[in-house]
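The values are calculated or read from the model by the stated rules, or taken from the named source; none is laboratory data. Fair warning: this is a prediction, and the values are worked out from it, not measured in the lab. Note: ideal-geometry Cβ built from the backbone for every residue, glycine included; neighbour counts use all protein chains shown. Areas reflect the complete protein model, heavy atoms only, side chains present, ligands, DNA and RNA absent. Shrake-Rupley method; radii C 1.70, N 1.55, O 1.52, S 1.80 Å.
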Amino acid sequence: VQLQASGGGLVQAGGSLRLSCAASGSIVSIKAMSWYRQAPGKQRELVAVISSGGYITYADSVKGRFTISRDSAKVYLQMNSLKPEDTAVYYCNAVTLTYPYWGQGTLVTVSS
């Protein structure tokens, strides 16, 4: 499985961005897709997960502001009401029965 993330950029606080992640390869083996983020000097953290069965969960810090969705081989993260603390490199993740896969990351910078 290969993952290609896009959509990051610079936005003012209160603004919106939409991240996309395109999966290729053995996509039928994917059980769940997720977005993680890693801010400077911090550990990578889970932002949102969507399973192949449609189960969705969010980190408490983004509930009500972010929405994860999936369309076949793509997963999206709609980010609204962005805050400076959302600044991070966002990574797409796909989990199969045997191995997790990571995209290259896309930088989101929220200015105050």
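For L10, the conditions (1) without any contact (Cβ under 8 Å) to a residue 60 or more places away in the chain; (2) open to solvent by 80 Å² or more (accessible area, probe 1.4 Å) all hold with the exception of (1). Against the condition touching a Gly at 6+ places or on another chain (Cβ under 7 Å) and more than 17 Å from S6 (Cβ to Cβ), how does S81 come out, does it pass? Here the answer is yes, as S81 does meet what is asked.
Taking the conditions exactly as written (surrounded by 13 or more Cβ atoms within 10 Å (Cβ to Cβ), over 14 Å from L17 (Cα atoms) and not hydrophobic (A, V, I, L, M, F, W, C)), does T87 satisfy them or not? Taking the combined requirement at face value, the residue does not satisfy it. Could you tell me which residue of region 30-58 is least open to solvent (accessible area, probe 1.4 Å), considering only residues that are touching a Leu at 6+ places or on another chain (Cβ under 7 Å) and of a type in the set (S, T, Y)? By that ranking, first place goes to S34. If the condition is being over 15 Å from L3 (Cβ atoms) and either touching a residue at least 24 places away in the same chain (Cβ under 8 Å) or crowded, with 19+ Cβ neighbours inside 10 Å (or both), then region 62-75 contributes V62, F66.
The residues in region 28-74 that are of a type outside the set (A, V, I, L, M, F, W, C), touching a helix residue (DSSP H, G or I) at 6+ places or on another chain (Cβ under 9 Å) and at negative phi can be counted, and the count is 3.
Here region 13-29 is the region considered, the condition is being open to solvent by 50 Å² or more (accessible area, probe 1.4 Å) and modelled with pLDDT of 95 or more, and the residue that is nearest to the chain's Cα centre (by Cα) is R18.
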